[in-house]
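What follows is calculated from the coordinates using simple rules that are stated; it is not laboratory data. None of these values were measured; they are calculated from a predicted model. We place every Cβ from the backbone using ideal geometry, glycine too, and count neighbours over all the protein chains shown.
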Amino acid sequence: MKFVLFTHVPHSKADNLYFAYAPYVLEMNIWGKQVNEMLIVAPFFSGKVTAIDIPYEHQNLQFIPVPSFDLLSLKAVLSTLFKLPGLLWIIFIAMKNADHIHLRCPGNIGLLGCFVQILFPSTPKTAKYAGNWDPKAKQPWTYRLQKWILSNSFLTRNMQVLVYGAWEGSSLNIKPFFTATYSENEKKALTPKVVEDLIDFVFVGTLVKGKQPLYAIQLIERLHQKGYAVRLRLYGEGVEREVLEEYVAVHQLESIITLEGNQSKVTVQKAYQDSHFVVLPSDSEGWPKVIAEGMFWGCVPIATSVSCVPFMLDYGSRGVLLEMNLEDDSRQIEAVLQNQADFDSKRNKAADWSRSYTLEVFEQAIFKSLKFKV
């Protein structure tokens with residue numbers, strides 16, 4: 001099977017291997033196990049491989065670079081219009097030669113792929129929609145357009161659309177899905193933790209406004225002001241780093257807030273294992289892997305009620321759903337800090353739930369999505 005992948009994720013090359021963002025490549029390596037040829041159509045850049053990048057493992061892999069583009073300004077729109085004919089032609093030829101088409105959405109390349117795949121109604125297809133599929137969510141028009149095309153059974157044929165969560169009113173080709181990071185053999189007994197002395201919180205994610213890392217800092221600051229011995233470590237990089245550093249300095253929080261930057265999977269895993277809570281006050285998510293990862297290692301999750309997060313946290317029985325009000329949210333966390341039994345219950349329920357979604361289970365689900373075409 002020639003499996004052709006279309007994605008907006010930037011790629012780089014080193015030692016004759018193609019690299020990209022580790023969580024994404026980890027998943028695509030699992031897809032790659034099921035096929036004998038893999039062709040990637042994606043943006044390419046010549047920068048150095050970073051600590052959060054890993055290589056594809058497929059032995060028969062080809063890569064077709066395409067220019068990145070966006071529609072965020074008039075200049076960008078004009079540039080995109082200039083690039084569009086060539087982009088569409090590259091996508092068309094790649095799809096024409098595919099035994100199976102796989103789109104990664106939402107994203108700019110995925111958007112173009114949504115249009116071009118209409119011309120190949122008989123080719124087997126899957127689309128992984130990694131964003132929020134909630135029909136009521138406020139999203140950019142390009143995201144809504146992708147969701148509409150993928151859901152339209154007249155335009156989109158012979159395709160399974162894999163989405164996070166089960167949503168009422170979805171078309172028949174929409175299939176609830178999940179993702180995973182850890183394997184069965186990584187399930188280790190949780191080390192008991194007490195919610196007294198120093199309480200560790202961890203944030204993992206890109207430092208951008210959408211992930212709201214500043215709110216995470218302010219939440220820990222509020223608990224500190226109330227007399228709790230708390231500490232927050234933030235893992236990730238992004239355009240908000242300077243803003244966060246300035247806030248920490250101005251409010252003299254250096255003793256309880258540290259920005260660790262991009263780190264390896266091993267380092268982040270150790271941070272989960274050492275922490276009591278994983279916090280992600282993001283305003284938009286699909287299936288937040290960092291929440292599931294933290295839960296796997298016994299962190300009580302603290303997250304906003306977006307997409308399928310309420311389901312992941314069982315509506316509060318295995319975590320804390322943020323209301324995005326500092327006083328109300330700090331009170332919610334205080335209630336857990338003051339009740340060791342509640343902390344232990346949430347922690348154990350969180351780990352039990354997350355550990356049911358291992359890489360082995362994930363691989364079986366991917367195989368089922370492809371097997372009728374293999």
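Taking amide H positions as placed in the peptide plane 1.01 Å from N, state which residues far from residue 39 in sequence (5 or more) or on other chains have amide H under 5 Å from it.
Here the answer is 3, 4, 5, 62, since their amide H atoms fall under 5 Å of that of residue 39.
Between 189, 130, 229, where does the largest GNM mean-square fluctuation fall for the chain, given springs only between Cα atoms within less than 10 Å?
189
Stick to the Cα atoms of the stretch 95-146, pair each with every other, and give me the Kirkwood hydrodynamic radius in Å at one decimal.
So the Kirkwood estimate lands at 11.7 Å.
Taking 22 Å as R0, compute the FRET efficiency from the Cβ-Cβ separation of residue 145 and residue 172 and round it to 0.05.
0.60
Note down the Stokes-Einstein diffusion coefficient of the stretch 184-354 in µm²/s, whole number, using a Kirkwood radius over alpha carbon pairs, 37 °C, and 0.692 mPa s.
Reported coefficient: 208 µm²/s.
Scan the chain and report its longest stretch carrying no GluC sites (Glu not before Pro) that are both in a DSSP loop and have at most 16 other Cβ atoms within 10 Å.
Answer from the scan: 58-167.
Once you've got the GNM for the chain with C-alpha springs shorter than 10 Å, pick whichever of 298, 110, 210 has the biggest mean-square fluctuation.
Among 298, 110, 210, the largest mean-square fluctuation in the Gaussian network model of the chain belongs to 210.
Using a 10 Å Cβ count of at most 12 others and DSSP loop calls, identify the longest part of the chain lacking such chymotrypsin sites (Phe, Trp or Tyr not before Pro).
Segment 155-371 is the longest.
What's the exposure ranking of 220, 52, going from fewest to most Cβ atoms within 10 Å?
Listed from fewest to most nearby Cβ atoms, that is 52, 220.
Given the stretch 1-101, report the % of alpha carbon pairs whose separation exceeds 17 Å.
Result for the distance tail: 55 percent.
For the chain, find the longest principal axis of its Cα atoms and tell me its angle to the long axis of helix 326-337, 0 to 90°, nearest 10.
Roughly 70 degrees between the two axes.
Taking 1 over the mean of 1/r across every pair of different Cα atoms in the chain, what Kirkwood radius in Å do you get?
21.9
What residues of the stretch 134-154 lie in the reach of a label at residue 283, counting those whose backbone N is under 12 Å from a point 7 Å from the Cα along Cα→Cβ?
Zone members listed by number: 138-140.
Obtain the nm distance between the two label points defined at residue 70 and residue 152 by a simple spin-label model: each point lies 7 Å from its Cα along the Cα-to-C-beta direction.
Here the modelled spin labels are 2.7 nm apart.
By how many nm would the segment from residue 63 to residue 239 grow when fully extended, if each residue of separation counts as 0.36 nm and the alpha-carbon distance is taken off?
Net length gain for the segment: 60.4 nm.
Fully extended, how many nm does the chain gain between residue 334 and residue 33 (0.36 nm per residue separation, minus their Cα-Cα distance)?
Between residue 334 and residue 33, full extension yields an extra 103.8 nm.
What's the center-to-center distance, using Cα atoms, between the stretch 76-147 and the stretch 218-287 in Å?
35
Once the Cβ-Cβ distance between residue 323 and residue 345 is put in as r, and R0 is 22 Å, what FRET efficiency do you end up with, to the nearest 0.05?
E(calc), rounded to 0.05, equals 0.55.
Over the stretch 314-358, what portion of Cα pair distances is larger than 16 Å, expressed as a whole percent?
42
For the chain, what is the relative contact order in percent, using Cα pairs closer than 8 Å and at least 6 residues apart in sequence?
14
Please go through the stretch 195-303 and write out the trypsin sites (Lys or Arg not before Pro) that DSSP classes as loop and that have at most 15 other C-beta atoms within 10 Å.
226
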